[in-house]
Amino acid sequence: MAFLEVHDVHTYYGNIHALKGISLTVERGEIVTLIGGNGAGKTTTLRTICGLLKPRRGKVILDGEDLADFKTHQIVYKGVAMVPEGRGVFARLTVEENLDLGAYSRNDRATYASDLERVFGLFPRLKERRKQVAGTLSGGEQQMLAIGRALMAHPRILLLDEPSMGLAPILVEGIFDTIKDINREGTTILLVEQNALMALSIASRGYVLQTGQIVLQDSAENLQANEMVQKAYLGIE
Amino acid sequence: METAKPRTTALKVPLSTYRIVQIILAVIFAGYLIWRIYQVFFVEAVYGPDTWMRFTIAGLILGGVYSLIAIGYTLVYGILFMINFAHGEVMMIGAFGGYFTFEALRAIPASTATNPDTNFLNAHPTISVILAFLIGMSLSSTSGFFLEKIAYRPLRGAPRLVPLISAIGASIFLQNAAQLLFGAQRRDYANPDALARGIGFEIPVGEGIVVLTYTGVLTFVLSIVIMIVLYFLVQRTRLGRSMRAVAENKPVAALMGIDVDQVISRTFIISGALAGAGGVMWGIHLGLVFFFVGFIPGIKAFTAAVLGGIGNIPGAMLGGMFLGIVESIGPAILGLNFQLKDVIAFAILVLVLIFRPTGIMGEVLTEEKI
Ligand SMILES: Nc1ncnc2c1ncn2[C@@H]1O[C@H](COP(=O)(O)OP(=O)(O)OP(=O)(O)O)[C@@H](O)[C@H]1O
Ligand SMILES: [Mg+2]
């Protein structure tokens, strides 16, 4: 059985039927990407997985366990971490306090120092700014903080919602390298991206989402070669 | 999600008529105030330095109590963006808790070396006072906890006016419940003899003597200590960090593994404890308790919280102190009857809401909060 299994999920915002039967799986150790245009339902899918939204129909199963009856904070304790869309750092808290909250769900504080060093190793910039209030960081630095904060939880699966959004190309490459590194260290990753080219270059498989439905699913290579994907998401005519 | 926006855009916005009227009114008011201060100090000179000192001390003591209660408004607003209008009643419950503790301890016979036939209250005043605070604070915490669970939690996510109406309803309910349980009469808050009202340290000032009452010292010192403890709790502890995270962004706080509902409950428990301490202080220092006792201090503390910038903890502390002092020296300066001190407090509330709704400390209102 797959590590994460989303099965025929329907999610609504009031009357708006945002997800119309999404099914996807993520195997242990994989990087899977979810691509699609604006309003396709990518963020909604991630919010449904981590319990911020509850599906009206369908199931989210993590490691064999149905998540229907769990609240977000309980799902986090089961090993799910998310880097939300638009970073979501706590602007009035310092960098260090943000990272500390990332480790909130960890029971053992013993590895806290080494976790912190690992994050600072990935993002030396954060170390320089550890006492600074997060709201004063640049956009790229906030993205680093959001990722670092999620890593502090030692997640079994990391959900990333458009980590490249609003970043300079050079930073995007750095962030994607980091995602690859994190994955190599054993974290399963579900990556939502509009930057399909980058996402497909590091993922093993991908799903294409359109108006709340999965219209295509394949290996990353096949998706890169797919004509419709090239037209719609890779900017290749 | 959003970063702090620049606080003032005054330079970019052209002066509106409304703004000009505001400024003119402010100038007139400031001018009047300066003229009054000049009159009072140099022309009329009715009050000597001892009297001014008395006013200031009374103001600081009252201010400490207002601050404690104001923090509760601000903590809850910071997290739920609602005004907990039943907070004054939470304070009233604490005041009653202290009152009944004293009454119960008085009924317990005890003997001391000097007086073989006394009661526990007078034989052990320190323990009695500590017990009164503990019981008053616990009762207020408990009522704050249930208040949120019953009156506010089911309305989470409803339009902002709805929990506000619920809060007013809860306030009326608690007043009436207290009246039903304890009667409508004003009760004398009977302190231990060692802490009788009016006695204290006598300090000669100018031609007079200023009495620094023991109840006043207790109230002021304790309110400062509690505020320091609260500050450390919010800034340095895991609970404090999660409270600040929840105040800023609930979904992301949940993504950290924080149980948002539990943090909200604990915020009400902490706010309740502070209000309860304020209630016991109110009783010990001012000497009266009845079902309506929370109403006026509640509104005053709300004024203080708005004054300091609602949602801002240091703002609530300063706002409370400021209001206490203004209320106690204001009538003298403005040449008003002292019974009009409440009018001053409410005039301040109206003025702040008109001129600077974000308060002195200017808490930035983010989109989410509006
Ligand atoms: N809070 C909300 N209330 C109502 N409708 C919403 C809400 N959030 C999203 N939607 C709608 O749900 C649909 C899916 O939105 P979602 O945010 O999941 O898209 P997305 O794929 O993440 O898009 P983007 O790439 O722009 O972030 C959209 O049609 C959107 O308008
Ligand atoms: Mg999105």
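Since every read-out is calculated from the coordinates, none of them should be taken as a lab result. Quantities reported herein were computed from a predicted structural model and do not represent experimental measurements. Cβ sites come from the backbone with ideal geometry, for glycine too, and all protein chains shown count toward neighbours.
Across region A:19-34, computed HN-Hα scalar couplings (Karplus, 6.51 cos²θ - 1.76 cosθ + 1.60, θ = phi - 60°) run 10, 10, x, 8, 10, 7, 10, 10, 7, 4, x, 8, 10, 10, 10, 10 Hz from first to last residue, x flagging Gly and Pro.
The alpha carbons of region B:270-315 occupy a box of 30, 19, 16 Å along the principal axes, longest dimension given first.
Going by the alpha-carbon gyration tensor, a ≥ b ≥ c the square roots of its eigenvalues, is region B:17-137 rounded (a/c under 1.5) or, if a/c is not under 1.5, prolate (a/b greater than b/c) versus oblate? Because a/c hits 1.5 or more and a/b fails to exceed b/c, region B:17-137 counts as oblate. Taking the Cα atoms only, what angle lies between the long axis of helix A:139-151 and the longest principal axis of chain A, rounded to 10 degrees? For A:139-151 against chain A, the angle is about 90 degrees. Counting other Cβ atoms within 10 Å, which trypsin sites (Lys or Arg not before Pro) in region B:69-176 have at most 16 and lie in a DSSP loop? Those satisfying the criteria are B:R156, B:R160.
Counting Lys and Arg as +1 and Asp and Glu as -1 over every other residue whose Cβ lies under 12 Å from the Cβ of B:E103, the net charge comes to +1. Here is what passes the span test in chain B: the DSSP H helices with alpha carbon length of 24 Å or more along the helix axis and a Kyte-Doolittle mean of -0.5 or above are B:17-38, B:49-80, B:87-106, B:125-147, B:161-182, B:214-236, B:260-286, B:313-334.
Shown here is the pair-distance distribution of the protein assembly as shown: with all Cα-Cα distances grouped in 20 Å bins from zero up to the longest one, the shares run 18, 41, 29, 12, 1, 0 percent.
When shorter helices are ignored and each DSSP H run of at least 4 residues is given -39500 (n - 2.57), the per-residue value for chain B at 222 nm works out to -22000 deg cm²/dmol. Label-to-label distance for B:F42 and A:K54 is 7.0 nm, based on points extended 7 Å past Cα in the beta-carbon direction.
For chain B, relative contact order (Cα pairs under 8 Å, six or more residues apart, normalised by length) works out to 32 percent. Taking amide hydrogens as placed 1.01 Å from N in the peptide plane, the amide H of B:G200 sits under 5 Å from those of B:Y214, each at least 5 positions away in sequence or on another chain. As an exercise, use a Förster radius of 51 Å and the Cβ-Cβ distance of B:L15 and B:A177 to find the FRET efficiency, rounded to the nearest 0.05. For B:L15 and B:A177, the calculated efficiency is 0.50. Couplings 3J(HN,Hα) of region A:7-17, computed from phi: 10, 6, 8, 10, 10, 10, 10, x, 8, 7, 8 Hz, in residue order, whole Hz [Karplus 6.51 cos²θ - 1.76 cosθ + 1.60, θ = phi - 60°; x for Gly and Pro].
Taking the centroid of alpha carbons for each part, region A:10-75 and region B:204-226 are 61 Å apart.
Taking the alpha-carbon centroid of each part, what is the distance from region B:312-329 to region B:123-200 in angstrom? About 22 Å separates the Cα centre of region B:312-329 from the one of region B:123-200.
Using equal-weight Cα scatterers in the Debye expression, the normalised intensity of region A:4-233 in log10 at q = 0.17 Å⁻¹ is -1.26. Here's how it looks for B:V210: its modeled amide H is under 5 Å from those of B:I203, B:V205, which are all 5 or more places away or on a different chain.
Placing a label point 7 Å from the Cα of B:V343 along the Cα-to-Cβ direction, the residues of region B:18-35 whose backbone N falls under 20 Å from that point are B:26, B:28-35. Based on the alpha-carbon gyration tensor of region B:124-184 and its eigenvalue square roots a ≥ b ≥ c, which shape applies: rounded if a/c is under 1.5, prolate if not and a/b is larger than b/c, or oblate? Oblate, because a/c is 1.5 or more while a/b does not exceed b/c. For B:Y231, put the label point 7 Å out on the Cα→Cβ axis and report which residues of region B:250-283 keep their amide N under 19 Å from it. Only B:271, B:274-275, B:278 pass the distance filter.
With equal scatterers on the alpha carbons only and no solvent term, can you work out the Debye log10 of I(q)/I(0) for region A:78-211 at 0.18, 0.21 1/Å? At q = 0.18, 0.21 Å⁻¹ the computed log10 ratios are -0.98, -1.33.
Near A:D218, the amide H atoms lying under 5 Å from its own belong to A:G206; only residues 5 or more places off or on other chains count, and H is placed 1.01 Å from N. When only Cα pairs below 8 angstrom with a gap of at least 6 residues are kept, region A:4-233 shows a relative contact order of 29 percent. Across region B:134-234, the relative contact order, built from alpha-carbon pairs under 8 Å that are at least six residues apart, equals 13 percent. For chain B, modelled as a GNM whose springs connect Cα atoms under 10 angstrom apart, the maximal fluctuation among B:F355, B:F295, B:F100 occurs at B:F355. If a/c stays under 1.5 just call it rounded; otherwise compare a/b with b/c (prolate if a/b is bigger, oblate if not). Do that for chain B, with a ≥ b ≥ c from the square roots of the Cα gyration tensor eigenvalues. Oblate, since a/c reaches 1.5 and b/c is not below a/b.
Of all the options B:N84, B:N312, B:N122, the one that moves most in a Gaussian network model of chain B with Cα springs shorter than 10 angstrom is B:N122.
Compared with the dominant principal axis of the Cα atoms in chain A, helix A:112-122 is inclined by about 70°. Within the protein assembly as shown, DSSP assigns beta bridges of which about 65% are antiparallel (rounded to the nearest 5).
Principal-axis analysis of the Cα atoms of chain A puts helix A:169-184 at an angle of about 90° to the longest axis.
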